[in-house]
Amino acid sequence: MEKQVFEKYDGGQVTDSMLQEAAVLFSENYGVWGEHPAQMTGNFAKAGTRVRLSKDRLRAQYLYDNNTCSYVRVTVDGHLAGNAFACRWAVNNKSVCWVTQLVVDRNYRERGLAKSLLNQLKHDSINMYGLMSSHPAACLAAAKAFGDSLSTVRLDVIAKYAGEIMEASPIGYVKDAKLRGSIFSPGDTNGLVSCVDSGFFVDHTEPLEALAWVREGMDWPLGELLDGHEFLLVFEARSRSRSRSTGRQ
Ligand SMILES: CC(C)(COP(=O)(O)OP(=O)(O)OC[C@H]1O[C@@H](n2cnc3c(N)ncnc32)[C@H](O)[C@@H]1OP(=O)(O)O)[C@@H](O)C(=O)NCCC(=O)NCCS
């Protein structure tokens with residue numbers, strides 16, 4: 001039987017060799033650039049080439065603070081099979097945990113590793129969780145980890161809190177992302193429901209295939225996905241005291 005090991009680290013505990021492994025995992029498994037990559041990366045990335053990150057860029061962008069950034073990873077029989085980066089900040093007396101990267105090696109997908117990685121990020125001190133992602137599987141995993149399920153996602157919570165949370169973010173691409181969709185602009189008729197225009201032109205072939213498949217089994221609540229856009233999710237942490245008072249563990 002295979003051995004899965006989940007580990008969680010504060011930013012300052014992550015060594016260069018761990019980040020080197022994370023950089024390889026990302027560069028081999030995240031995805032490929034779409035048709036407009038120059039807007040993100042200058043003129044270097046060509047459509048169809050892999051989106052890559054070096055260990056130094058991982059450190060600078062995802063672990064910029066030793067105390068408020070976290071890293072979780074899972075190894076399967078000693079092999080790095082998936083990881084997630086997250087950052088915390090406060091807004092209006094609420095503590096927010098934002099998932100900044102989530103990748104699972106394609107040989108280890110669809111066995112619950114993404115959901116379990118996100119579960120590791122949960123903490124009693126956190127009031128809100130958030131994520132931007134073009135991949136429906138990341139949204140499904142986040143909804144299971146931080147909420148109940150995507151079918152019962154609270155769009156009113158996203159509409160109410162996403163703006164102030166993202167505005168207060170120390171992460172440039174989160175702060176700069178533009179809210180899009182009918183929950184923010186009820187008159188919108190482009191099919192977007194809860195999205196951001198992040199200008200991140202990763203190729204959407206794989207996410208759109210996943211979306212079509214997911215839609216066969218459920219009423220997908222987040223609407224359409226456009227190039228350069230990502231789905232947006234914000235969850236209120238479930239209150240432990242409320243669970244206790246109703247007798248749930
Ligand atoms: C998104 C990603 C992390 C999901 O990893 P994973 O370990 O396969 O996810 P899980 O096994 O935890 O699955 C979560 C849910 O998504 C579903 N799912 C996973 N892959 C799917 C696919 N290709 N198509 C449809 N549904 C899929 C699972 O069935 C599960 O649904 P359920 O909770 O209703 O049973 C992985 O596909 C990945 O690394 N993709 C490339 C990078 C990326 O897009 N990351 C997100 C950016 S934040």
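The values are calculated or read from the model by the stated rules, or taken from the named source; none is laboratory data. It should be emphasised that the depicted structure is a prediction, and the values quoted were computed from it without experimental measurement. Ideal geometry is used to build each Cβ from the backbone, glycine not excepted, and the neighbour counts take in all protein chains shown. All accessible areas refer to the heavy atoms of the entire protein, side chains included, with ligands and DNA or RNA removed. Shrake-Rupley method; radii C 1.70, N 1.55, O 1.52, S 1.80 Å.
Structure values in brief
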| quantity | calculated |
| --- | --- |
| Top-ranked residue in the stretch 144-162 [being small (Gly, Ala, Ser) and more than 12 Å from Ser194 (Cβ to Cβ); ranked as farthest from the ligand (Cβ to nearest atom)] | Gly147 |
| Count of residues meeting criterion [of a type in the set (Ser, Thr, Tyr) and outside any helix (DSSP H, G or I)] in the stretch 1-35 | 3 |
| Evaluation of Glu209 against (1) under 14 Å from the mean Cα position of the chain (by Cα); (2) near the ligand (Cβ under 9 Å from one of its atoms); (3) not basic (Lys, Arg) (one fails), failing number | (1) |
| Residues of the stretch 180-198 that turn out to be over 16 Å from the mean Cα position of the chain (by Cα) and either surrounded by fewer than 18 Cβ atoms within 10 Å (Cβ to Cβ) or within 14 Å of the ligand (Cβ to nearest atom) (or both), as a count | 7 |
| Candidate set from the stretch 103-136 (those that are open to solvent by 30 Å² or more (accessible area, probe 1.4 Å) and in contact (Cβ under 8 Å) with a residue 40 or more places away in the chain); member that is nearest to the ligand (Cβ to nearest atom) | His135 |
| Within the stretch 67-85, tally of residues that are open to solvent by 10 Å² or more (accessible area, probe 1.4 Å) and of a type in the set (Phe, Trp, Tyr) | 0 |
| Qualifying residue in the stretch 49-60 (condition: over 25 Å from Ile158 (Cα atoms) and touching a residue at least 60 places away in the same chain (Cβ under 8 Å)) | yes |
| Number of the condition not met by Met166 [criteria: (1) more than 12 Å from Trp98 (Cα to Cα); (2) in contact with a helix residue (DSSP H, G or I) (Cβ under 7 Å, 6 or more places away or on another chain); (3) open to solvent by less than 10 Å² (accessible area, probe 1.4 Å)] | (1) |
| Helices (runs of 4 or more DSSP H) (entirely within the stretch 117-223) containing at least 1 residues that are touching a Lys or Arg at 6+ places or on another chain (Cβ under 7 Å) and more than 25 Å from Gly31 (Cα to Cα) | 155-167 |
